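*Asks:* Before anything else, here's the structure in question.
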Amino acid sequence: MSVLENLNKHIDKRLPFLKNSKLLIAISGGVDSVVLTHLCHQLKLNISLAHCNFNLRGDESDADEDFVLQLAEHLDVEVFVQRFDTKQYAEENKVSIQMAARELRYEWFSELAKQLQFDYILTAHHADDNLETFLINFTRGTGLEGLTGIPEINGVFVRPLLTFSSKDIKAYAKANNIKWRDDSSNKSTKYLRNKLRHEVIPILKEINPSLLQSFQSTLENLSDTADIVEESTNAVLKRAIETIDENHIAFKISEFKKVNNPKAYLFEVFKDYGFTEWNDVVDLLDAETGKQVYSSTHRLIKNREHLLLSEIISETSKIISISENQKQVETPFGTLFFDEADAIFGKRTNIIYVDKSTLKFPLTIRKYKEGDIFYPLGMTGKKKLSKYFKDEKLSLLDKENTWLLCSENDIVWVINRRADNRFKVTENTKHILKIRLN
């Protein structure tokens, strides 16, 4: 059975939705993407082409672009071309050239698909690419997820050739007199993927001529195991997650301590948040309150009987000014409304009533800083805000996300928590100001 027949059969069985979809093929000009284009054209799928010119190989890059344009004209299909200054992007974002090219192309493909309403983006990854990715992840260290291969369907990205070998694809191209472009950079072994492709995998295939078939069986076994791991992890997560809000997710430590291997479950739960120091994460289970572990984007905090997961956001220095005539103010935590009132009605944490004559405008809104004190309403004397937080059993995250309404250097309101006694309404108050958080 030919590659064309096998692909048609594979699509009917695993990817039938492609036959009624508007498809965008990512094409470099290399043999894999060119063959994918020809195959999809032969199967009369609704395709358009998208080509990235990364301007990394001078005339060779431009020749690849010209080749793709000619191919699109020959097949009478729509083509989109985008040129990138990849080196500048890599320098500005402090990433490798390879990573820069990857980020640029996937971002552009996704934007193109969204703007022009393509249902799916097809890439020409094949079985050998899958093996290379497996070995790259294996050599760098990974969990089970990193050993289950490239997903055939990942959102809008679909890889119809994953079950075909590079050898099969090239044989089809030669048998059908299909021309393609060779990328000279693919021959360089300075890149890990190329080193594996040219030096390691040939030896493995020499040891086992049926390596790709054996590898496919291994992937299927690992995928089955991953399903079991996911099911078990979700069961623990269901019991462990206590609260979720805009600032953090709270996990019950006791649920991780109940399982036989807490480290394995912690890895599965938090691996997608960039954490790498897993022994430190495990140590949080028995650490003192306030202990933290950071990744580049998130942090885990031990807070009594919980682990708190939050995104790292730096906005602690932000100060908002409020003039005397303002009726409402937009803030990061909601909208504050300022209204004149005739009397005090009820008690709610999101509303305070103050004697307007005691305020000195402009008022300010800011975050807590070390050394802050206030005079809690209903109490005599002053109190350190840090002591108030401790008495209220606030977590480190709660403290960091607490905002203060201030008159000059004096705290008027620990917003949504406690008003200050110095600004309270008394029998001598002539102008009552109602401040409400919505």
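*Asks:* Taking only pairs six or more apart or across chains, which ones have beta-carbon atoms under 7 Å, a first residue in the range 245-274 that is within 15 Å of LYS302 (Cα to Cα), and a second residue that is basic (Lys, Arg) and outside any loop (DSSP other than H, G, I, E, B)?
*Replies:* Final answer for the pair search is GLU255/ARG239.
*Asks:* Mind checking which residues of the range 369-386 are of a type outside the set (Lys, Arg) and surrounded by 13 or more Cβ atoms within 10 Å (Cβ to Cβ)?
*Replies:* Across the range 369-386, the qualifying residues are ASP372, ILE373, PHE374, TYR375, PRO376, LEU377, LEU385, SER386.
*Asks:* Looking for whichever is out of contact with any Phe, Trp or Tyr (no Cβ under 7 Å at 6 or more places or on another chain), closer than 21 Å to GLU152 by Cβ and either part of a helix (DSSP H, G or I) or not hydroxyl-bearing (Ser, Thr, Tyr) (or both) here; the options are LEU56, LEU4, LEU23, LEU69. Which one fits?
*Replies:* Exactly one of LEU56, LEU4, LEU23, LEU69 is out of contact with any Phe, Trp or Tyr (no Cβ under 7 Å at 6 or more places or on another chain), closer than 21 Å to GLU152 by Cβ and either part of a helix (DSSP H, G or I) or not hydroxyl-bearing (Ser, Thr, Tyr) (or both), namely LEU4.
*Asks:* Within the range 84-104, is there a residue that is within 23 Å of ASN8 (Cβ to Cβ), assigned to a helix (DSSP H, G or I) and β-branched (Val, Ile, Thr)?
*Replies:* no
*Asks:* Here is a further query. Residues that are charged (D, E, K, R): find the strands (runs of 3 or more DSSP E) completely inside the range 326-438 holding 1 or more of those.
*Replies:* The qualifying strands (runs of 3 or more DSSP E) are 328-331, 334-341, 351-355, 363-367, 410-414, 432-437.
*Asks:* State all residues of the range 189-205 that are more than 12 Å from GLU132 (Cα to Cα) and part of a helix (DSSP H, G or I); if no residue qualifies, say none.
*Replies:* Within the range 189-205, ILE203, LYS205 meet the criteria.
*Asks:* Quick one: what pairs do we get from the range 183-212, first residue closer than 21 Å to CYS52 by Cβ, second among the basic types (Lys, Arg) and part of a loop (DSSP other than H, G, I, E, B), C-beta under 8 Å, 6+ apart or different chains?
*Replies:* ASP183/ARG57; SER184/ARG57; SER185/ARG57
*Asks:* With respect to ASP227, is the statement that it is at pLDDT below 95, of a type in the set (Asp, Glu) and surrounded by 12 or more Cβ atoms within 10 Å (Cβ to Cβ) true?
*Replies:* no
Yes/no per residue for (1) modelled with pLDDT of 90 or more; (2) not charged (D, E, K, R):
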{"position": "LYS318", "(1), (2)": "no, no"}
{"position": "GLY346", "(1), (2)": "no, yes"}
{"position": "TYR353", "(1), (2)": "yes, yes"}
{"position": "THR358", "(1), (2)": "yes, yes"}
{"position": "TYR375", "(1), (2)": "yes, yes"}
{"position": "THR380", "(1), (2)": "no, yes"}
{"position": "LYS387", "(1), (2)": "yes, no"}
{"position": "ARG417", "(1), (2)": "yes, no"}
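*Asks:* Which one is surrounded by the fewest Cβ atoms within 10 Å (Cβ to Cβ), of the residues in the range 74-105 that are touching a strand residue (DSSP E or B) at 6+ places or on another chain (Cβ under 8 Å) and not aliphatic (A, V, I, L, M)?
*Replies:* GLU78
*Asks:* Something else now. Of the residues PRO160, PRO151, which single one is outside any helix (DSSP H, G or I) and at pLDDT below 95?
*Replies:* From the options PRO160, PRO151, the qualifying one is PRO151.
*Asks:* If you go through the range 361-372 one residue at a time, do you hit one that is more than 44 Å from the chain's Cα centre (by Cα) and free of Cβ contacts under 8 Å to residues at least 24 places away in the same chain?
*Replies:* For the range 361-372, residues more than 44 Å from the chain's Cα centre (by Cα) and free of Cβ contacts under 8 Å to residues at least 24 places away in the same chain: absent.
*Asks:* For the structure I just gave you, tell me whether LEU309 is part of a helix (DSSP H, G or I) and either within 23 Å of the chain's Cα centre (by Cα) or not assigned by TED's automatic domain parsing to the domain that holds ASN401 (or both).
*Replies:* no
*Asks:* With the requirement that a residue be among the basic types (Lys, Arg) and surrounded by fewer than 17 Cβ atoms within 10 Å (Cβ to Cβ), what does the range 400-429 give you?
*Replies:* ARG422
*Asks:* Here are SER28, SER33, SER21: which of them is of a type in the set (Ser, Thr, Tyr) and surrounded by fewer than 20 Cβ atoms within 10 Å (Cβ to Cβ)?
*Replies:* The unique qualifying residue is SER21.
*Asks:* Would you mind stating whether ILE351 is among the aliphatic types (A, V, I, L, M), under 30 Å from GLY378 (Cβ atoms) and surrounded by 13 or more Cβ atoms within 10 Å (Cβ to Cβ)?
*Replies:* Judged against the criteria, ILE351 is a match.
*Asks:* In addition: Within the range 31-48, does at least one residue satisfy the condition of being over 23 Å from ASP128 (Cβ atoms), β-branched (Val, Ile, Thr) and either without any contact (Cβ under 8 Å) to a residue 12 or more places away in the chain or in contact with a Lys or Arg (Cβ under 9 Å, 6 or more places away or on another chain) (or both)?
*Replies:* Yes, that holds for at least one residue.
*Asks:* Same structure again: Quick one: which residue in THR358, THR364 is more than 25 Å from ASP398 (Cβ to Cβ), hydroxyl-bearing (Ser, Thr, Tyr) and surrounded by 10 or more Cβ atoms within 10 Å (Cβ to Cβ)?
*Replies:* THR358
The values are calculated or read from the model by the stated rules, or taken from the named source; none is laboratory data. Since the model is a prediction, treat every value here as computed from it, not as a measurement. A quick note on method: Cβ atoms are made from the backbone with ideal geometry, for glycine too, and the neighbour counts reach across all protein chains shown.
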